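Comments concern the structure below.
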Amino acid sequence: MLLKSFWFATIFAIAVQGCVSSGDSPIESEHDGRILELKSNRRPAVLDERFIETYLKTFGYLRNEQENVTSEESGEKQIPKEKLQNALITFQEFMGIPGTGKVDAQTSSLMMRKRCGNADIHPSTDILALWKKSVVTWNITHFSKTIKESDFREQLHQAFAAWEIVISMDFVEVDRADKADIVFSFEDSENDWQRDPTHLTIARASGPISSRVWISADEHWGINNELEQTGTDLFNVLVHEIGHVLGMRHSPDSGSMMHPLFERSMNQDRPVVTPDDVERLRNLYNVADPQQQSAENDPANLNETSLTKCIKSIQSATHAPDGRWLVFKDDKVWQTLNHTVMTKGIEIFQVLPSAPTYVNASATVGDLMILISDRQIFGYRQTKRNGQFEPAEGYPKELHSRVLFYPEAAFPLANGSIILLSDNVFATYDLENNAPTFLNDKNVYFPNLPEKLVSGIPQIPDSDNVYWMLTDSDIYEYDARIQQILNSESLTTFFTCDF
């Protein structure tokens, strides 16, 4: 249904072999006189040479009009054939398809998809101003008539949170647009501010500094991943446009949240904030990776033999149903019981069949042990017969696209959910439905947690009253009822090695 809704509604108006339009056209096409109905604004657009040229100009692929030549037939200025073809090749390569310079079916499909109105290609002389403050204000001037104001605000809060974990910046709503740094507005697609002659734009943003985010009021927006009704998820679009507000430009990576095309095929994965997006934004603001440590303090530089034998630093930890703990670092796992290290560090797959080579977050709910590696969720259950671990049915799974961060820590709740954390943002995650139920600020809902938390293990299984909260080198006793740390000690004193 989705594909039919956006580009299979085609009518072949002219059956002519060779070029898109009559005459010596600079662009060859496999389909002639193709007309596609653009559902974004209910207007037909002809995918002819004029449209292709307009598209390439609008989104930054064609520039320097002074190089155009005058046609002997019409007397009008025309773009040189080679220049137009090179622009088309640049578009194709940016979209990740072969740069043939011909308008084939794949190129046509990509060129007719709903998208962001910001350019894909920028002159090398373009210089962006950046925010010079850590608190940026925002306001909404016009709401959608089809989306509840509370729902839109919640989508915005979650979209801001996706970037707050990347750089230290807070976004605060104010009650007046003239006092806001960023103004959001749903507008009719014919609004003069848009000025997109292709009529494909459904959102765009200006900025940084005095930013405006324009969102199409005519679009049938999907919220909470309601893709059975629409291929355009509002949350993804908001994260994308806020990226522009921060100074991010379009990415050629189709898996990136900063890819310009919003309309996606049913078999395409949802976009995420990729490590490359994170690196690009941090480089813009000269922000160091918070996970980076100086070489002299890096536990990886400790003596390898002693590190393999006893636990000095960790990346994640969780408990098994029989009471033992599994502690992870790099590709190794240790097993402990009652604070005593039972085994030397061995490769993870030797304990957990088909396990990932490293674990960046873990938690146990009931008899289900969860390991997260990047964005994959692995599940294990412990056999009663011999206490060994077996992969749980239905796993591994892909982390839901609404969780835009890569989890750096996790701990379980008594209701069967787990908390996933990264920097100052958390998501409450429903394992049964493989979806987040709530995303917000860690410091608001879980104040006083240890800095650089990697894991949380309940002192009483299936209880969320008191936890052992672990960082890479220390362990804390944390009472969730009063949200306070009770005690702390280093891992080297908490765990004992008898070998």
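The values are calculated or read from the model by the stated rules, or taken from the named source; none is laboratory data. If you're wondering where the values come from, they're calculated on a predicted model, not measured in any experiment. We place every Cβ from the backbone using ideal geometry, glycine too, and count neighbours over all the protein chains shown.
Take the conditions touching a helix residue (DSSP H, G or I) at 6+ places or on another chain (Cβ under 7 Å) and modelled with pLDDT of 85 or more and apply them to A162. Does it pass? Explain how you work it out, then say what you get.
Working: touching a helix residue (DSSP H, G or I) at 6+ places or on another chain (Cβ under 7 Å): yes; modelled with pLDDT of 85 or more: yes.
So A162 passes the test.
Which of the residues belonging to the range 249-266 are surrounded by 18 or more Cβ atoms within 10 Å (Cβ to Cβ), touching a helix residue (DSSP H, G or I) at 6+ places or on another chain (Cβ under 6 Å) and of a type in the set (A, V, I, L, M)?
Across the range 249-266, the qualifying residues are M257, M258.
Search the range 307-324 for residues that are modelled with pLDDT of 85 or more and pair each with any residue that is surrounded by fewer than 21 Cβ atoms within 10 Å (Cβ to Cβ) and aromatic (F, W, Y) when their beta-carbon atoms are under 8 Å apart and the residues are at least 6 apart or on different chains.
Q315/Y358; A320/F389
May I ask you to list the residues in the range 320-334 that are surrounded by 15 or more Cβ atoms within 10 Å (Cβ to Cβ) and more than 34 Å from the chain's Cα centre (by Cα)?
Selection gives R324 alone.
Looking at the structure I just gave you, is N433 closer than 15 Å to I418 by Cα and surrounded by fewer than 17 Cβ atoms within 10 Å (Cβ to Cβ)?
So N433 fits the description; yes.
From the list S401, S422, which residue is over 21 Å from V327 (Cβ atoms) and among the polar types (S, T, N, Q)?
The conditions single out S401.
So if I check each of L371, L352, which one is buried (at least 17 other Cβ atoms within 10 Å of the Cβ), out of contact with any helix residue (DSSP H, G or I) (no Cβ under 6 Å at 6 or more places or on another chain) and in a loop (DSSP other than H, G, I, E, B)?
Matching residue, one of L371, L352: L352.
In the range 445-471, what count of residues is obtained for those that are surrounded by 13 or more Cβ atoms within 10 Å (Cβ to Cβ) and among the acidic types (D, E)?
2
Within the range 91-120, which residues are surrounded by 17 or more Cβ atoms within 10 Å (Cβ to Cβ) and touching a Gly at 6+ places or on another chain (Cβ under 7 Å)?
Going residue by residue through the range 91-120, those that are surrounded by 17 or more Cβ atoms within 10 Å (Cβ to Cβ) are 91-92, 94-95, 101, 103, 107-120.
Those that are surrounded by 17 or more Cβ atoms within 10 Å (Cβ to Cβ) and touching a Gly at 6+ places or on another chain (Cβ under 7 Å): Q92, A119, D120.
Within the range 162-171, does at least one residue satisfy the condition of being under 19 Å from D218 (Cα atoms) and of a type in the set (A, V, I, L, M)?
No, there is no match, as no residue in the range 162-171 is under 19 Å from D218 (Cα atoms) and of a type in the set (A, V, I, L, M).
Restricting attention to the range 119-140, and to residues there that are polar (S, T, N, Q) and modelled with pLDDT under 95, which single residue is nearest to I165 (Cα to Cα)?
Selected residue: S134.
State yes or no: is P197 crowded, with 19+ Cβ neighbours inside 10 Å, at pLDDT below 90 and farther than 22 Å from D233 by Cβ?
Numbers: crowded, with 19+ Cβ neighbours inside 10 Å: no; at pLDDT below 90: yes; farther than 22 Å from D233 by Cβ: yes.
No, not satisfied.
Taking the residues in the range 212-256 that are in a loop (DSSP other than H, G, I, E, B) and closer than 23 Å to A180 by Cα as candidates, determine which candidate is modelled with the lowest pLDDT.
That would be A217.
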